[in-house]
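**Q** Have a look at the structure that comes next, please.
The values are calculated or read from the model by the stated rules, or taken from the named source; none is laboratory data. These numbers were taken from a predicted model, which means no experiment stands behind them. Ideal geometry is used to build each Cβ from the backbone, glycine not excepted, and the neighbour counts take in all protein chains shown. These accessible areas exclude ligands, DNA and RNA; they are computed on the full protein's heavy atoms, side chains included. Shrake-Rupley method; radii C 1.70, N 1.55, O 1.52, S 1.80 Å.
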Amino acid sequence: SQWNMEFNRGDESRDFRSAVQAELEQRTIDPLWQHRVFSYLSRGFYSEQIERFQRTFDPHQLLFIKYEDLKKAPERQLMRIFDHIGASPEAYRFAPTELNAGSYSTDLDTDIRRRLQALFKEDIQKVERLLDWDLEEWKVA
């Protein structure tokens, strides 16, 4: 998603494979490296971000929602959010609107797909444990 946005804006000139390869090489040199804009992979390690939130906030202050669930049932997820923050849903009118929609190519070269699956495998398992979620759909290519 990040790569698509930067590429469509014209800020990224490399194809996905080249951009990812460059980031993989940089992470080999410095595993903590993260560029503010061109860190397409680093932003995908969700467990690190979740743990940071869990260290900072009380559990009752946190609500994690899968994007897939939000996309499938936006009104249901919005009701969960209202309930979580103690807001009355009657005060709000809800009309789903898709923002920042763009076209995304799902054609990934087999080698890069395999490398990305290996790279994110442990992190996805950790997210499953941290949030007690089933993320099988994230593991399937």
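**Q** Please go through the range 1-38 and write out the trypsin sites (Lys or Arg not before Pro) that DSSP classes as loop and that have at most 11 other C-beta atoms within 10 Å.
**A** Those that pass, being in a loop and sparsely packed, are Arg36.
**Q** Determine, from the Cβ-Cβ distance of Ala101 and Ile65 and an R0 of 22 Å, the FRET efficiency 1/(1 + (r/R0)^6), rounded to the nearest 0.05.
**A** 0.70
**Q** Let me ask something additional. Please compute the modelled spin-label separation between Ala73 and Arg93, points set 7 Å along Cα→Cβ, answer in nm with one decimal.
**A** Here the answer is 2.6 nm between the modelled labels.
**Q** Give me the 1.4 Å probe accessible area per residue for the range 42-141, excluding ligands and nucleic acids, in Å².
**A** Per residue, the range 42-141 has an accessible area of 78 Å².
**Q** What trypsin sites (Lys or Arg not before Pro) in the range 56-141 are in a loop by DSSP, with at most 12 other Cβ atoms within 10 Å of the Cβ?
**A** Qualifying residues, ordered by number: Arg93.
**Q** Could I ask something else about it? Figure the gain on full extension for Asp111 and Lys126 (residue separation times 0.36 nm, minus the Cα-Cα span) and round it to one decimal in nm.
**A** Extra length available between Asp111 and Lys126 comes to 3.0 nm.
**Q** Could you state the angle between the C-alpha long axis of helix 110-131 and the longest principal axis of the C-alpha atoms of the chain, as a value from 0 to 90 degrees rounded to the nearest 10?
**A** 30
**Q** Which option, (i) 16.1; (ii) 17.7; (iii) 16.8, is the value of Kirkwood radius over Cα pairs in Å that was calculated from these coordinates?
**A** Step by step, Kirkwood radius over Cα pairs in Å for this structure corresponds to label (ii).
**Q** Would you compute, from DSSP H runs of 4+ residues alone, the mean residue ellipticity of the chain at 222 nm, taking -39500 (n - 2.57) per run and dividing by the full residue count, rounded to the nearest 500?
**A** Calculated from helices alone, the mean residue ellipticity at 222 nm is -16500 deg cm²/dmol.
**Q** Ignoring ligands, DNA and RNA, what percent of the 1.4 Å accessible area of the chain is carbon and sulfur?
**A** C and S fraction of accessible area: 50 percent.
**Q** A follow-up question, please. Have a look at Phe120, Phe16, Phe57 and tell me which one the Gaussian network model of the chain (Cα, springs below 10 Å) gives the largest fluctuation.
**A** Phe57
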